[in-house]
Amino acid sequence: MDLKKEQLLDMYKKMCTIRAFESKIVEIFAAGKIPGFVHLYLGEEAVATGVCANLETKDYIASTHRGHGHLIAKGGDLKLMMAEVFGRTTGYCKGKGGSMHIADVDLGILGANGIVGAGMPIATGAAFACKYKNTGAVAVAFFGDGASDRATFHESLNLASTWKLPVVFLCENNGWAISNSQKTHQNITDISDRASGYGIPGVSVDGNDVVAVYEAAGAAIERARKGDGPTLIECKTWRHRGHFEGDPGAYKDPKDQEEWLKKDPIPRLEKNLLKLNYATQDELNKIKAETEAEIEEAVKFAEASPQPDPKELFTDVYAD
Ligand SMILES: Cc1ncc(C[n+]2csc(CCOP(=O)(O)OP(=O)(O)O)c2C)c(N)n1
């Protein structure tokens with residue numbers, strides 16, 4: 001592991017920020033304060049964090065309906081994100097999009113996306129632009145195990161491989177596509193096996209180990225930047241909550257849930273940091289408290305922001 005103390009502590013902070021953002025949303029959603037659907041990233045924090053720690057601002061990500069973690073890891077503004085989730089005018093899309101439509105092109109965030117599997121062709125297109133313009137940038141497409149059954153997955157891998165595009169396909173296999181466990185929709189164990197059908201490398205890693213994710217993503221991103229083409233990475237992880245807030249997740253076996261909670265990526269990293277003497281428990285608690293305070297500020301900002309004027313319905317409309 002060639003990660004320095006500061007890098008590991010930065011990743012810890014990022015993971016705690018995502019955890020605090022999502023935990024706060026559990027609370028405010030239950031209180032009826034936010035409109036629309038929210039799909040939370042609790043339990044999957046190591047994936048977005050480990051991947052995005054390898055990216056530069058000029059690089060692109062395409063996200064999913066479960067996008068808050070990706071957006072935070074790529075540097076998304078917490079206040080603008082929270083305001084968007086609250087549906088307020090100060091949000092990323094003036095409150096018109098909500099959780100699943102947050103984008104920040106200046107930061108290379110090509111958008112969360114309510115359409116399952118839609119991020120892969122978007123990232124492939126962005127990677128084509130990077131290659132065509134010779135910018136040296138790369139694109140990463142995040143998607144779930146469910147999305148890996150879509151035609152967009154197969155078409156994107158095929159094209160990206162054939163044209164050697166600088167893109168990484170990052171499958172977050174959290175074991176579930178809504179209430180369907182992986183074995184009910186796929187006759188394979190490792191989604192990374194699908195890479196061989198397209199002549200590209202495929203690797204499966206422990207998605208709850210941020211260092212393992214960082215290293216696998218780092219190798220794939222370096223390969224893409226060098227012009228050697230795409231990689232498929234499968235990160236095996238687990239979502240702690242239901243598919244969306246309001247789904248009790250009763251289809252999960254409580255024993256599986258219990259086992260996976262023991263593999264929670266944040267306490268795992270904490271243990272590692274303490275063992276390496278990179279921080280004391282007090283210092284880790286302080287970092288966590290700072291991230292929680294930042295989220296409180298974001299909520300205050302969102303709650304103090306105005307609701308959109310109904311006339312705004314007719315602006316930013318590009319097709320009818
Ligand atoms: C094209 C399309 N088909 C179906 C849906 C309904 N839908 C929303 S989330 C979801 C499951 C996605 O599962 P997965 O890709 O594994 O992502 P996860 O929710 O586990 O992060 C489905 C089928 C959709 N939004 N878009």
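The values are calculated or read from the model by the stated rules, or taken from the named source; none is laboratory data. Because the structure is predicted, anything quoted here is derived from the model rather than measured. No Cβ is skipped: glycine too gets one built from the backbone with ideal geometry, and neighbour counts run over all protein chains shown. Protein only, heavy atoms only, side chains kept; ligands, DNA and RNA dropped before computing areas. Shrake-Rupley method; radii C 1.70, N 1.55, O 1.52, S 1.80 Å.
Only residues that are surrounded by 16 or more Cβ atoms within 10 Å (Cβ to Cβ) and either in contact with a Cys (Cβ under 6 Å, 6 or more places away or on another chain) or without any contact (Cβ under 8 Å) to a residue 40 or more places away in the chain (or both): list them for segment 181-205, please.
Q182, I191, A195, P201, G202, V203, S204, V205
When you scan segment 210-220, do you find a residue that is free of Cβ contacts under 8 Å to residues at least 40 places away in the same chain and open to solvent by 50 Å² or more (accessible area, probe 1.4 Å), even just one?
Yes, there is a match, as at least one residue in segment 210-220 is free of Cβ contacts under 8 Å to residues at least 40 places away in the same chain and open to solvent by 50 Å² or more (accessible area, probe 1.4 Å).
The rows are residues; the columns are (1) within 19 Å of T17 (Cα to Cα); (2) among the charged types (D, E, K, R); (3) in a helix (DSSP H, G or I); (4) more than 23 Å from the chain's Cα centre (by Cα).
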{"position": "A219", "(1), (2), (3), (4)": "no, no, yes, no"}
{"position": "D247", "(1), (2), (3), (4)": "no, yes, no, no"}
{"position": "K252", "(1), (2), (3), (4)": "no, yes, no, no"}
{"position": "Q257", "(1), (2), (3), (4)": "no, no, yes, no"}
{"position": "W260", "(1), (2), (3), (4)": "no, no, yes, no"}
{"position": "N272", "(1), (2), (3), (4)": "yes, no, yes, no"}
{"position": "E283", "(1), (2), (3), (4)": "yes, yes, yes, yes"}
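Can you tell me which residue in segment 146-172 is farthest from K58 (Cα to Cα), limited to those that are in contact with a Gly (Cβ under 7 Å, 6 or more places away or on another chain), within 12 Å of the ligand (Cβ to nearest atom) and of a type outside the set (A, V, I, L, M, F, W, C)?
Looking at the filtered set, the residue picked out is R150.
Go through L42, L71 for me and flag whichever is surrounded by fewer than 24 Cβ atoms within 10 Å (Cβ to Cβ) and either within 16 Å of the ligand (Cβ to nearest atom) or β-branched (V, I, T) (or both).
One residue alone meets the criteria, L42.
In the set G144, G87, G97, which member is open to solvent by less than 30 Å² (accessible area, probe 1.4 Å) and modelled with pLDDT under 95?
Numbers: G144 fails: modelled with pLDDT under 95; G87 fails: modelled with pLDDT under 95.
Just a single option satisfies the conditions, and that option is G97.
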